[in-house]
Amino acid sequence: MPENLDAIFKPRSIAVVGTSRKDGTIGREILYNLVAYGFNGPVYPVNPKAAYVNSIKCYPSISAIPDKVDLAIIVIPKEQVLSVVEECGEKGVKGIVVISAGFKEIGEKGIQLEKELVRMIKKYGIRLVGPNCMGVINTAKDIRMDATFGSTLPLDGQVGFMSQSGALGNIILEYADELKIGFSKFVSMGNKADVSGNDLLMDFEDDENTKIILMYLESFGNPRKFTKIARRLTKKKPIIAVKAGRTLAGARAASSHTGALAGLDVAVDALFEQCGVLRATSIEELFDYAVAFSNQPLPKGKKVAIVTNAGGPGIIATDACVSLGLKMSTFDKETYKKLEEILPEEASTQNPVDILGDGGPKRYEKALDVVLKDINVDSVITIFVPPLMSKALDVAVAISKVSANYDKPVLGCFMGREEVLTSIQELEKNNIPAYLFPESAAKSIAGMYKYRELSKRSEGNIVHFEVEKKKVKSIIDNALSAGKGYLSQDEVRGILEAYGFKYPETQLVKNEEEAVNSANRIGFPVVLKIASLDIIHKSDAGGVVIDLEDEGDLRAAFKKVISNVKSNAPEAKIDGVMVQKMVKGGRETILGMSLDASFGPLIMFGLGGIYVEVLKDVSFRIAPITDLDASDMVKSVKSYPLLKGVRGEKPVDIEEIEKYIQRLSRLVEDFPEIEEMDINPFVVFEKGRCCNVVDARIKIERSYKQNKF
């Protein structure tokens, strides 16, 4: 099938199949929008029961149109769609938008109908948007196409918008019009039977009119393809996305720490982070970002200044900026001096700058000019709370006048909708984003700064290691043949050692005497751990005793471990007890993996030990993990300062941790049979000492191919 979407976005002629004379019908609204928006080409209404619609000659069928048709908009009952698509194919139509609903969204019958629709478009080499969608828009001056049934005609601009929800489409167009946000292209994807979000990203990438990309998503079709495209695209254009479905309702229960912590949509967060995509938590936040990115330059740094006429909102804005990782600017001495000259004695020249409630447009103009001149200021938030003595419109004019002289982002926060509506319109007219609350302005500045940093960073490299892949394949194949889910400790150790992981000396024993002999050979102190495929969390069953210094302690601990397990897990089959050299010192971390059916292997790193699910100090990324991804994972956990060393403690070897994260990524990429894995604790030390796997478990899945994508 053709890769480009010119038949969809750049048609020279359009047929509307299912147009109507009746007011309020979808077909009539689409025809009206095409004409009203000024489509630069012929539009052909198709309706076998009408000779004319809105004074435009109507045709009984696509085949009856005497001229070539590039794009067909289909708005008819679902039962008739296939026959019309067949007719389009025979006529040589290369683009179709199916507005009609009743396909896979209704269940099995609709799924089969949609499969037949896809088969048919592939037969004729047609690109399809939908079904079950709102339509498409291209505002380019040589196209001027609004092929939707939206009630608001779009403004032209720089934003490419894709939405998986047709129901939200009209609301989005109305909201964008209110905020004066213009679109380059707008697409309601519907069921994504053919044209996907990935296809649209590639089209937006090559579209010189599209500078910013907004997405509303409900599902991913091919996350790995998305990763490849988005990583490349975000170097040039910001992508801001809302992903619906953040909760884990209905998802399978996970027994591993990694699986338990991988809930609540962390795969999407990890994917977006790796790709440089900004995630908005709501449609409102999506547009908060959009007005900032559309109208202001990116900040060159994260130092923010606030100019306000009210102390409370200034403090709120300060708290929001700091909590989002921004820094409050410290002004030059000259800036403080000039502010003292132009502001009353009672005003605050510190950041936030409080010009007081009686501060009118002149005071705003002078203070903002001084602040923007300061080299320590990267961006400014201006806050105005309407007092009785100042007109909001005059203040907005003053802010607009000053900001036009600087290449720094200036965002406005005018509080009180009714009183300041005209002033907000004045700011928007002059390309200054205006928000009702300080937190929204702070989030937008933080988002702009984050994108600037993400767009500059390297994509990273996949590091290759010497591994024993055949050994691991043999272990997994044998385990699958035996019908195993969880692997034995010997199997786990064999797999991890084949990929370069190191264990402290360990031996499986069957009785107390073997334990004593093993401990004497290994050398005290040692640890005892129960070995049982039926026990997932050894500590919960009382199956672990650490720091055994001599034979007496060992014998008592052996009896205790067996007794605890028989009492706490009476159904568990005991395979023996592991005697392991006690690892002292270092930091306990966790490495893990959980297989997501859509995204593939989800890799975890964090603070380890028995409290990992309580502390939840972990980070996730989707395999394959680059060296940059691994570094970001380590740095993003809250306990990173502990790893770097505090109060005289030696730092651990961060580079070694990053290498083992990449080794784990390589392992689970090579063997998609691995469904869940925990390496916990994974003890890390200062440079010169090798990291150690103290405990680990691996679960494999016989039907793993179902999880590949």
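So the values come out like this:
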item	result
Mean projection area, nm², convex hull over Cα of the stretch 83-203	7.7
Rg/Rh ratio calculated on Cα atoms of the stretch 587-707 (Kirkwood radius)	0.98
Separation of the Lys362 and Arg521 label points, Cα + 7 Å toward Cβ, nm	9.3
Positive-end residue of Met120, Ile181, Pro48, charge dipole of the stretch 6-210 with Cβ unit charges	Pro48
Difference of contour (0.36 nm per residue) and Cα-Cα distance, Phe437 to Glu686	84.9 nm
Cα-only Debye scattering, the stretch 505-582: base-10 log of I(q)/I(0) at q = 0.11, 0.25 Å⁻¹	-0.23, -1.13
Full-stretch length increase - Lys638, Glu208 - with 0.36 nm per residue and alpha-carbon distance subtracted	150.7 nm
Rounded tilt (10° steps) of 108-124 against the dominant C-alpha axis of the chain	70
Between helix 166-179 and the chain: long-axis angle, C-alpha atoms, 0 to 90°, nearest 10	70
Residues whose placed amide H lies under 5 Å from that of Ser329, excluding near-sequence neighbours	Val304, Ala305
Selection from Val526, Gly688, Pro313 lying farthest towards where the dipole of the chain points positive, charges on Cβ	Gly688
Leading residue at positive end of dipole, the chain (Cβ point charges), from Ile562, Met677, Val637	Met677
Gyration tensor verdict on the stretch 70-142 (Cα atoms; rounded if a/c is under 1.5, prolate if a/b is larger than b/c, oblate otherwise)	oblate
Length released on extending from Glu466 to Glu116, taking residue separation times 0.36 nm less the Cα-Cα span	121.3 nm
Under the Karplus curve 6.51 cos²θ - 1.76 cosθ + 1.60, θ = phi - 60°, whole-Hz ³J(HN,Hα) for the stretch 277-282, x wherever Gly or Pro sits	8, 7, 9, 9, 8, 7
Amide H contacts of Thr19 (H built 1.01 Å from N, under 5 Å, at least 5 apart or other chain)	Val46
Isotropic mean projected area of the C-alpha convex hull, the stretch 297-456 (nm²)	8.3
Kirkwood estimate for the stretch 6-210, i.e. one over the average of 1/r between Cα atoms, Å	16.7
Ranked list, fewest to most other Cβ atoms within 10 Å of each Cβ, for Asp575, Asp490, Asp617	Asp490, Asp575, Asp617
Cα-projected label distance for Glu79 with Asp477, points at 7 Å along beta-carbon direction, nm	5.5
Charge dipole (debye, nearest 20) of the stretch 1-44; +1 at Cβ of Lys and Arg, -1 at Cβ of Asp and Glu	200
Burial ordering of Cys133, Cys58, fewest other beta-carbon atoms within 10 Å first	Cys58, Cys133
Folded to 0 to 90 degrees: helix 283-295 orientation relative to the chain principal axis, Cα	70
Magnitude of the charge dipole, the stretch 587-707, Cβ model with Lys/Arg +1 and Asp/Glu -1, debye to 20	300
Over the stretch 165-210, volume per residue of the alpha carbon convex hull, in Å³	63
Two-site label geometry, Ile315 and Leu628: point separation in nm, points 7 Å out along Cα→Cβ	4.1
For the stretch 311-372, size of Cβ-based charge dipole, Lys and Arg +1, Asp and Glu -1, in debye	180
Set of lysines near Lys337 by C-alpha distance (under 19 Å), chain-local residues within fewer than 8 positions excluded	Lys362, Lys366, Lys373
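Each value in this text was obtained by applying a stated rule to the coordinates, not by laboratory testing. Just so we're clear, the structure is a prediction, and the values are computed from it rather than from any experiment. Methodologically, a virtual Cβ is constructed for each residue, glycine included, from the backbone with ideal geometry; neighbour enumeration extends over all protein chains shown.
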